[in-house]
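Here the structure comes first, spelled out in structure tokens, and everything after it is commentary.
The values are calculated or read from the model by the stated rules, or taken from the named source; none is laboratory data. Quick caveat, the model's predicted, so the values are computed rather than measured. Virtual Cβ from ideal backbone geometry, glycine too; neighbours counted across all protein chains shown.
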Amino acid sequence: MVTALVSGGNRGLGYGIVRRLANEFPASSLYTSPSDKLTIYLGSRDVSKGEEARKSLYAELAKDVLDRVSIEVRQLDTSSHDSVTKLAAELQPGIDILVNNAGIAMDGFDANVAKQTVATNYYAVKDVIDHIPVKDGGRIVTIASSTGVLRGFGDEVRDRFRNAKTVEDVDRLMEEFQQVVADGTWKEKGWKGAAYATSKSGVIAYIRALAEVYKQQGKRVDVFSCCPGYVNTDMTKGKGHKTLDQGAETPVLLALHKTDAKPGEFWFEKKAYDWELRQSN
Ligand SMILES: NC(=O)c1ccc[n+]([C@@H]2O[C@H](COP(=O)([O-])OP(=O)(O)OC[C@H]3O[C@@H](n4cnc5c(N)ncnc54)[C@H](OP(=O)(O)O)[C@@H]3O)[C@@H](O)[C@H]2O)c1
């Protein structure tokens, strides 16, 4: 049995990713045996909202898909360490696919927005990856954003993101960002006045560093980050031009298929995307 967990699967892109994982599983180029079955754990911080989503997904999915795929709801508040470790214990000895989708985009820009955004979009993702067990040969796909490209940072900050080699290097950047927003020096020090984009730069840098850590540890789990494009969800307040299914395309490609993706890469529109080169565009 193949198992996958999607955080924030109850609505928005996460719902679209669960649905697309289900629909595409029978044609997966990784799991090719007709006897392979997929169980998707739909992570939701509110279990009743997760159950509503599961009901709606079962109503949408075709019978031949449901012959191969089942969906189960699991309580997961990625900001709660207790919730993460409780689910981690339930998922032993491990799952095959982890999709880190849960995230927030807050209005405004101040110390509180920076703190909460980094906590949810960066540290909570790290906590999930550190604790949810993923089996050898498995994959971790983390939803970042193309807003996380390095354009817009001052040269020094940009170079520190670009050259971050360890997870601790990235942690330091995320700590410093919160500090410079709190003391009002972010602009003169070359940071962007954008908490969401900066948290996603942190995610992209973290996944790059983590791939290196896993390589050195000989851990056979491939990690990727990606952008779904501008998707019509509550987060984009009706402005996103992609459907949920279109937004789920790149994440599900990285989760279910053979690709030429190298661990640590950031993908956008079904291919590797250079977060540095876009600087000069
Ligand atoms: N939409 C886009 O155009 C776009 C573009 C680039 C990247 N992204 C990324 O895609 C991901 C999904 O975005 P979306 O547009 O679908 O957003 P959304 O419509 O606001 O949905 C966010 C989802 O994340 C969940 N969530 C937030 N904080 C959580 C936490 N602490 N624990 C567990 N679940 C939590 C929400 O759960 P509740 O229902 O309980 O609130 C909801 O299921 C995010 O990481 C976002 O940054 C989106």
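LEU253 falls short on exactly one of the conditions (1) part of a helix (DSSP H, G or I); (2) farther than 21 Å from SER146 by Cα; (3) free of Cβ contacts under 8 Å to residues at least 24 places away in the same chain, and that condition is (2).
So the check is Cβ under 9 Å with 6+ separation or different chains; which pairs have a first residue in the stretch 153-171 that's hydroxyl-bearing (Ser, Thr, Tyr) and a second one that's at pLDDT 95 or above? Listed by first residue and then by second, the contacts come to THR166/ALA209; THR166/GLU212; THR166/VAL213. Here the stretch 242-273 is the region considered, the condition is being within 13 Å of the ligand (Cβ to nearest atom) and either farther than 19 Å from ARG19 by Cβ or modelled with pLDDT under 95 (or both), and the residue that is surrounded by the fewest Cβ atoms within 10 Å (Cβ to Cβ) is GLU269. Taking the conditions (1) within 28 Å of GLU265 (Cα to Cα); (2) within 16 Å of the ligand (Cβ to nearest atom); (3) charged (D, E, K, R) in turn, ASP96 satisfies each one other than (2). Do we have THR32 as more than 10 Å from the ligand (Cβ to nearest atom) and exposed (fewer than 15 other Cβ atoms within 10 Å of the Cβ) here? Yes, satisfied. Check every one of the strands (runs of 3 or more DSSP E) wholly within the stretch 1-90 and list those with 2 or more residues that are farther than 23 Å from GLN116 by Cα, more than 18 Å from the chain's Cα centre (by Cα) and touching a residue at least 40 places away in the same chain (Cβ under 8 Å). Fully inside the stretch 1-90 and qualifying: 69-75.
For the stretch 75-82, state whether one or more residues are more than 30 Å from VAL180 (Cβ to Cβ), within 16 Å of the ligand (Cβ to nearest atom) and touching a Leu at 6+ places or on another chain (Cβ under 9 Å).
Step one: filter the stretch 75-82 for residues more than 30 Å from VAL180 (Cβ to Cβ), giving 75-76, 82.
So of that shortlist, the ones also within 16 Å of the ligand (Cβ to nearest atom) come out as 75-76, 82.
Cutting the leftovers down to touching a Leu at 6+ places or on another chain (Cβ under 9 Å) gives us 75-76.
Yes, the conditions are met somewhere in the stretch 75-82.
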